[in-house]
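The values are calculated or read from the model by the stated rules, or taken from the named source; none is laboratory data. Computed from a prediction, not measured in an experiment: that's the story for all the values here. So basically every Cβ, Gly included, is an ideal-geometry build from the backbone, and we count neighbours across all protein chains shown.
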Amino acid sequence: MGELVNKFLIATTEVQDGFLLKSLSATLNETYLEAGTTHLHIPPRLVRVDVMADKDGNWKIAEIDPSNKHGLGFALACRNESGAGERQKLLTLLAQYVTDDVHIFLGRKESFYAREQKYFAQKLTEFTGRRVKVFSEEQLEAQKFPENGIFLDFPLCGEKASRMLLSRWKERPDSFINPPRHGLGSKAVMALPFLDQYLFKNYGSMSSEELDELKKFIPPTYNGPFVTKEVFSSGAKGVYFDAIGKETVVQKYVKQKTFPLADADRFIRLAVHLVNGKLAELTVTASKNLPVHGGNGVVNYHVGLKEDIG
């Protein structure tokens, strides 16, 4: 599934269709629109895919995000807590891009992740021997922009900081490990395989057979805006108009399967971290109740890969 998702995201950057760009750029400001359509030859390198299991045990994709790197430190922490830290793959796969000291910037809205990003920075330093430092958006704005070093990514931040990052991205795209592909993190991206009559009949480097295979993993999803109605209503009664004029998606609800974990039946959500489509890390969040993410009583695990077991 990982390599299929990666190929899908690469193919999406190849199709510069007006409808596609509009769907994937809703709410993004001009800076991020410009960043997302510059240096399109550089594909997403770090991708997180969240998956869940339906009642029949089939894996379904809940979210695709090629710009959010928050989970990297958490994934490494789960692995090290399990005692499998020395056999990780995430840092091994990332090391090819760490050609200099690394800057990790956190936007104002990302400050919650500061501690786990510092943990990730510590582990990346230990593995590569390079200096890896975490900066806040305020620090980036107050200091002279770093002339040397590379950046983990291009986070969502305010206009001043984002323009500084955009200038570097346009001049030296090689200095970013993960390119700014925020549009590919849009929920609308999961609707694209279901629009094959419009977009996907000649969809870049991806074949119709590959798209059909991908659709097996994505719950049916469609672009809005939509009007939602009660099952039984009379005239305009029971009609909800909040979604009119807004960029929305509607997706089929997935009834999930439970798994026996920690002496209880729990719903699970897997966070699959990919580097160039290769499985780098796998963590599971489990809960007795839905929703899994953000719920009380959540239990987190590191999932062993083949290299761990063998």
Pull up segment 80-121, narrow it to residues that are part of a helix (DSSP H, G or I) and in contact with an Asp or Glu (Cβ under 7 Å, 6 or more places away or on another chain), then point me to the one that is nearest to Pro179 (Cα to Cα). Leu90
Given the criteria in contact with a helix residue (DSSP H, G or I) (Cβ under 8 Å, 6 or more places away or on another chain) and more than 21 Å from Asp50 (Cα to Cα), does Glu247 qualify? yes
Would segment 59-70 turn up any residue that is under 20 Å from Lys109 (Cα atoms), at pLDDT below 90, touching a helix residue (DSSP H, G or I) at 6+ places or on another chain (Cβ under 7 Å) and not small (Gly, Ala, Ser)? yes
Would you mind finding the one in Pro225, Pro260 that is part of a loop (DSSP other than H, G, I, E, B), on the phi < 0 side of the Ramachandran plot and either without any contact (Cβ under 8 Å) to a residue 24 or more places away in the chain or over 23 Å from the mean Cα position of the chain (by Cα) (or both)? Pro225
Return yes or no: is Tyr253 surrounded by fewer than 13 Cβ atoms within 10 Å (Cβ to Cβ) and more than 25 Å from Met52 (Cα to Cα)? no
List, please: which pairs have Cβ atoms under 9 Å, are six or more places apart or on different chains, and start with a residue in segment 31-45 that is outside any helix (DSSP H, G or I) and end with one that is of a type in the set (Gly, Ala, Ser)? Thr37/Ser25; Thr37/Gly183; Pro44/Ser67
Taking the stated definitions as given, is Phe267 out of contact with any Asp or Glu (no Cβ under 7 Å at 6 or more places or on another chain) and in a loop (DSSP other than H, G, I, E, B)? no
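Which one of these is modelled with pLDDT of 80 or more, in contact with a Lys or Arg (Cβ under 6 Å, 6 or more places away or on another chain) and of a type outside the set (Ser, Thr, Tyr): Val299, Val239, Val292? Break it down stepwise before answering.
Numbers: Val299 fails: in contact with a Lys or Arg (Cβ under 6 Å, 6 or more places away or on another chain); Val239 fails: modelled with pLDDT of 80 or more.
None of the others qualify; the one that does is Val292.
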